[in-house]
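What follows is a set of notes on a single structure, which appears directly below.
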Amino acid sequence: MICIIDYGAGNLKSVSNALNYIGAENKISADRDEILAADKILLPGVGAFGDAMASLKKYGLVNTVYDAIESGKPFMGICLGMQLLFEDSQESPGVTGLGVFKGHIVKFPGDMGLKVPQIGWNNLNVRQPGSVYDSAHDKYVYFVHSYYLEADDPSIVAAECEYGKIFHAAVEKGNVSASQFHPEKSGETGLGILKNWAER
């Protein structure tokens, strides 16, 4: 059973539908006991970094996320759910993230000659063989974001993309996998990533 953490930050149903499509039993919950009883835990999210951290606190789920990760069970973050695992974001100055990993969320420069936010498909360069993202190497995945990850530790970077500059598109370390892109909206490639993770 996969538990999708509900903290009011959107894209819950699309993630659940994708998991249903690949035959992965799942439920959406904001209940600490249900979340921690699951075999795998997924932190989704769309919206602003500061609002999302406020929602996690409001729902009393900050320690639940820490405990889920520390349990050693497979844990996945998607989009904003990935960003929250890091220290902070230029989107919300003064707001501290979960700090599971060292690194910062920064805004795409406005002088790249490209539209910001990046909305659409981008080619994935997998840097970490054996990660859940391995099957997506040189394939296209779907992004919607104005801010991107700069991880301090290059060894956790599972995949990169280029949009005016090379940025960290996914990370994996231990039981934690997380991506800036939306696997649930990335067609067969994204479903393959979710399947890789669900079968861990």
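Report, please, the projected area of segment 72-184 averaged over directions, based on the convex hull of its C-alpha atoms, in nm².
6.8 nm²
Panel values: the chain, Kirkwood radius from alpha carbon pairs, Stokes-Einstein at 20 °C and 1.002 mPa s, translational diffusion coefficient 130 µm²/s.
Helical runs assigned H by DSSP (4 residues or longer) give the chain a calculated mean residue ellipticity at 222 nm of -7000 deg cm²/dmol, each run adding -39500 (n - 2.57) before division by the residue total.
Measuring between alpha carbons in the structure, the pairs from LYS40/LYS115; LYS57/LYS115; LYS13/LYS195; LYS139/LYS173; LYS57/LYS173; LYS27/LYS165 lying more than 27 angstrom apart are LYS40/LYS115; LYS57/LYS115; LYS27/LYS165. Placing unit charges on the Cβ atoms only, positive for Lys and Arg and negative for Asp and Glu, gives segment 1-135 a dipole magnitude near 240 debye about its Cα centre.
Below 8 Å, C-alpha to C-alpha, sequence gap of six or more: please give me the relative contact order for the chain in percent.
So the answer I get is 19 percent.
With a cut-off of 11 Å between beta carbons, the residues surrounding PHE108 carry a summed charge of +2, where Lys and Arg count +1 and Asp and Glu -1. Close amide H pairs (under 5 Å, H built 1.01 Å from N) link GLY99 with PHE86, GLU87, residues at least 5 positions away or on another chain. For segment 10-53, a simple Cβ point-charge model (Lys and Arg +1, Asp and Glu -1, everything else neutral) yields a dipole of about 140 debye relative to the Cα centre. For the chain, a Gaussian network of Cα nodes joined below 10 Å ranks TYR21, TYR133, TYR147 by mean-square fluctuation, and the top entry is TYR21. Relative contact order (percent) for segment 86-200, with alpha-carbon contacts under 8 angstrom and 6 or more residues of separation? About 23 percent, as a whole number.
Within the shell defined by Cβ-Cβ distances under 14 Å, the residues around ASP31 carry a net charge of -2, with Lys and Arg each +1 and Asp and Glu each -1. The orientation-averaged shadow of the Cα convex hull for segment 25-128, equal to a quarter of the hull surface, comes to 8.4 nm².
To put it simply, the accessible area of the chain at a 1.4 Å probe is 48 percent carbon and sulfur. Would you mind pulling out the separation of the Cα centroids of segment 1-68 and segment 126-200, in Å? First find each Cα centre; the distance between them is then 19 Å. Dividing the Cα radius of gyration of segment 123-162 by 2.2 N^0.38 Å, with N the residue count, gives 1.17.
Estimated from the Cβ-Cβ distance and a Förster radius of 25 angstrom, the FRET efficiency linking LYS13 and LYS73 is about 0.65.
Per residue, how many Å² of accessible area does the chain show with a 1.4 Å probe? Could the numbers behind the result be given before it?
On the way: 8510 Å² over 200 residues.
So the chain comes to 43 Å² accessible per residue, rounded to a whole number.
Charge dipole of segment 83-148 (Cα centre as origin; +1 on each Lys and Arg Cβ, -1 on each Asp and Glu Cβ, all else neutral): 100 debye, rounded to the nearest 20.
Return a whole-number percent for the relative contact order of segment 141-200, with Cα pairs under 8 Å and 6 or more residues apart as the contact set.
Relative CO of segment 141-200 lands at 32 percent.
The values are calculated or read from the model by the stated rules, or taken from the named source; none is laboratory data. Since this is a predicted model, take the numbers as computed values, not measurements. Note: ideal-geometry Cβ built from the backbone for every residue, glycine included; neighbour counts use all protein chains shown. When the accessible area is computed, the model is the full protein with side chains, heavy atoms only, and any ligands, DNA or RNA have been set aside. Shrake-Rupley method; radii C 1.70, N 1.55, O 1.52, S 1.80 Å.
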